[in-house]
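The values are calculated or read from the model by the stated rules, or taken from the named source; none is laboratory data. Small disclaimer: the values here were computed from a predicted structure and weren't measured. Quick reminder, even Gly has a Cβ in these numbers, built from the backbone with ideal geometry, and neighbours come from all protein chains shown. Just so you know, the surface numbers come from the protein's heavy atoms only, side chains and all, with ligands and any DNA or RNA stripped out. Shrake-Rupley method; radii C 1.70, N 1.55, O 1.52, S 1.80 Å.
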Amino acid sequence: ADIISTVEFNHTGELLATGDKGGRVVIFQREQESKNQPHRRGEYNVYSTFQSHEPEFDYLKSLEIEEKINKIRWLPQQNAAYFLLSTNDKTVKLWKVSERDKRPEGYNLKDEDGRLRDPSMITMLRVPVLRPMDLMVEATPRRVFANAHTYHINSISVNSDYETYMSADDLRINLWNFEITNQSFNIVDIKPANMEELTEVITAAEFHPHHCNTFVYSSSKGTIRLCDMRTAALCDRHAKFFEEPEDPSNRSFFSEIISSISDVKFSHSGRYIMTRDYLTVKVWDLNMENRPIETYQVHDYLRSKLCSLYENDCIFDKFECVWNGPDSVIMTGSYNNFFRMFDRNTKRDVTLEASRENSKPRAILKPRKVCVGGKRRKDEISVDSLDFSKKILHTAWHPSENIIAVAATNNLYIFQDKVN
């Protein structure tokens, strides 16, 4: 139940939310700078924990609906409270997280412990006062958006107009208004009339960071479609179609599986799209549809291991990818608790490991290398001794600083750039 299933920084980076398989959301808050160590920004400590989703049962289909949190998305902060969306397979909830450090005292009609007083005993009018109390962080569900998805929700994305958001499942994408819970607009529907003709499913979807009319969605066939909501109410006809033609010499039994896109992300600038498939991360320019402008090999040494990865189902793992604030570095996860970083300017890449052994505070991470046969150097790890049960699927990058959050099964690691 405590396996982390999503990680997300809010827009300032002061808060970090994680969701897990047990339906819980844990929010971490960054401590303020301390006076005796002004150069060292504070660490992240638990701010609030609440149960977002409960297990349910669909009696019509005789299906259990897991409580697992698939995605969390923050809304930009408008007042003292924070708002976030969380979703499991079927239901999206809007949560308000607020602080209370005062309580009212001096009620006229009831005692301090909440019991109603006898009206005949009330002889004077009291003016209630606010007294300070210990800080309480309350999470309250403000909206529940349910019953709109037949299939499992894989993505939610807040629009840049901050009035609407979308939720995507395997075959449909719905557009919601934050104020309306009983109605959503279906903007993409790829369900064929005959389900036996089904050839692809939607794997991820995201709104453009600045243009509220534009969004992308990726498919299990390795394609990305960019849609414009100004052209038609139903965006079944895409505005742009991004696909890299496959090299026939590389074709194998696993080609279709490993070309399925597990994550798609707009860059902060809105100029590029990043996609993650099983073996690579690709960066696409919105103005060039026929091929990506950059392709990074995440773990090319697994190409020879695809058969055993198919047998143990690892080949279906859905890795996510993230940009840093200036869009110059991208990060994604791998196996053996490894995660990869690619610098787009210098073309240098590094493999780092998130594990208990090197998780002492202020410890410096050493780059790791995987060798593929031949002689193994002292500091290298053989591809045959990788642990495929330890995988980093979910990562997040602070919006403006070099601070990253890495979810390794049920552990959350937070690393930051070395401060000189």
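Per residue, how big is the convex hull around the C-alpha atoms of segment 190-245? Give it to me in cubic angstrom, could you?
88
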Calculate, for Q78 and R377, the FRET efficiency according to 1/(1 + (r/R0)^6) with r their C-beta to C-beta distance and R0 41 Å; round to the nearest 0.05.
-> 0.15
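Whenever you get a sec, compute what percent of the accessible area on segment 1-134 sits on carbon and sulfur atoms (1.4 Å probe).
With neighbouring chains kept in place, the figure for segment 1-134 is 51 percent.
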Sequence ranges 394-407, 98-111, ranked by mean other-Cβ count within 10 angstrom, highest first | 394-407, 98-111
Checking every Cys Cβ in the chain against the others at 4.7 Å leaves as unpaired C212, C307, C314, C321, C371
The farthest towards the positive end of the charge dipole of the chain, of the residues V383, A363, S62, given +1 on Cβ of Lys and Arg and -1 on Cβ of Asp and Glu, is A363
Run through the DSSP bridge list for the chain and note the antiparallel percent, rounded to the nearest 5.
-> 95
Taking N as the number of residues in segment 331-420, what value does Rg over Cα atoms divided by 2.2 N^0.38 Å take?
-> 1.12
Would you mind estimating how fast the chain diffuses translationally, via Stokes-Einstein at 25 °C and 0.890 mPa s with the Kirkwood radius over Cα pairs, in µm²/s?
-> 104
In angstroms, what radius of gyration and Dmax does segment 275-338 have, counting Cα atoms only?
-> 13.4, 40
Which one of H210, C227, F185 is farthest out on the positive end of the charge dipole of segment 184-244, using unit charges on Cβ (Lys, Arg +1; Asp, Glu -1) and the Cα centre as origin?
-> H210
Using the Kirkwood formula on alpha carbons, the hydrodynamic radius of segment 65-179 in angstrom works out to 17.3
Yeah, segment 266-420 with a ≥ b ≥ c from its alpha-carbon gyration tensor (a/c under 1.5 is rounded, else prolate when a/b outruns b/c, oblate otherwise) is oblate
Whole-angstrom gap from segment 290-345 to segment 264-279, using each part's C-alpha centre = 12
Dividing the alpha-carbon radius of gyration of segment 1-152 by 2.2 N^0.38 Å, where N counts its residues, gives 1.40
Expressed as a percent, the accessible surface of segment 268-420 that is carbon or sulfur, using a 1.4 Å probe and the full set of protein chains, is 48
What is the Cα convex hull volume of segment 146-235 when expressed per residue in Å³?
-> 97
Relative contact order, percent, the chain [alpha-carbon distance under 8 Å, six or more residues apart] | 10
Cβ-placed point charges (K, R +1; D, E -1), dipole of the chain about Cα centre in debye, nearest 20 | 1260
Say the cut-off is 30 Å between C-alpha atoms; which of K221/K390; K21/K265; K93/K191; K369/K418; K96/K191; K68/K369 go over it?
-> K96/K191; K68/K369
Starting from the coordinates of the alpha-carbon atoms of segment 182-327, obtain the Kirkwood hydrodynamic radius over all distinct pairs and give the value in Å to one decimal.
-> 16.4
How much area per residue is accessible in the chain when the probe is 1.4 Å and only protein heavy atoms are counted (Å²)?
-> 54
